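J.: Here it is, the structure, as structure tokens.
The values are calculated or read from the model by the stated rules, or taken from the named source; none is laboratory data. Every value quoted in this text rests on a predicted model; they were computed, and no experiment measured them. When we count neighbours, we look across all protein chains shown, and the Cβ atoms used for this are built from the backbone with ideal geometry, even at glycine.
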Amino acid sequence: QVQLVESGGGLVQAGGSLRLSCVASVSIFTINHMGWYRQAPGKQRELVATITSNGSTNYADSAKGRFTISRDNAKNTVYLQMNSLKPDDTGVYYCRMIMFREYWGQGTQVTVSS
């Protein structure tokens, strides 16, 4: 059974940083789509950043210049380094993987106080 487990969320002041981790229960070496998504209260889930198997990245406009997605295939882990956090970044952050079908983690809460 494929599982994704996120960690690293928490409460941080505006301008601060957090590093999220997503550990997969399977090898991600050949997984072409790994991504981070977030859902703010009362809003739909939205893309934050994605990374392909060859390391190509894609970011939401709101994340460009502040967030960095990376992957460590040896650890089956995808990271999201978030800097210069803003209150609008508050939400539950989910890890998503596509391997024949999509898989989601349970999410990790990020709260940015002003």
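J.: Between VAL92, VAL112, which is more than 14 Å from the chain's Cα centre (by Cα) and in contact (Cβ under 8 Å) with a residue 24 or more places away in the chain?
T.: Exactly one residue qualifies, and that residue is VAL112.
J.: Taking THR57 as meeting all but one of (1) under 15 Å from the mean Cα position of the chain (by Cα); (2) at pLDDT below 95, write down the number of the exception.
T.: (2)
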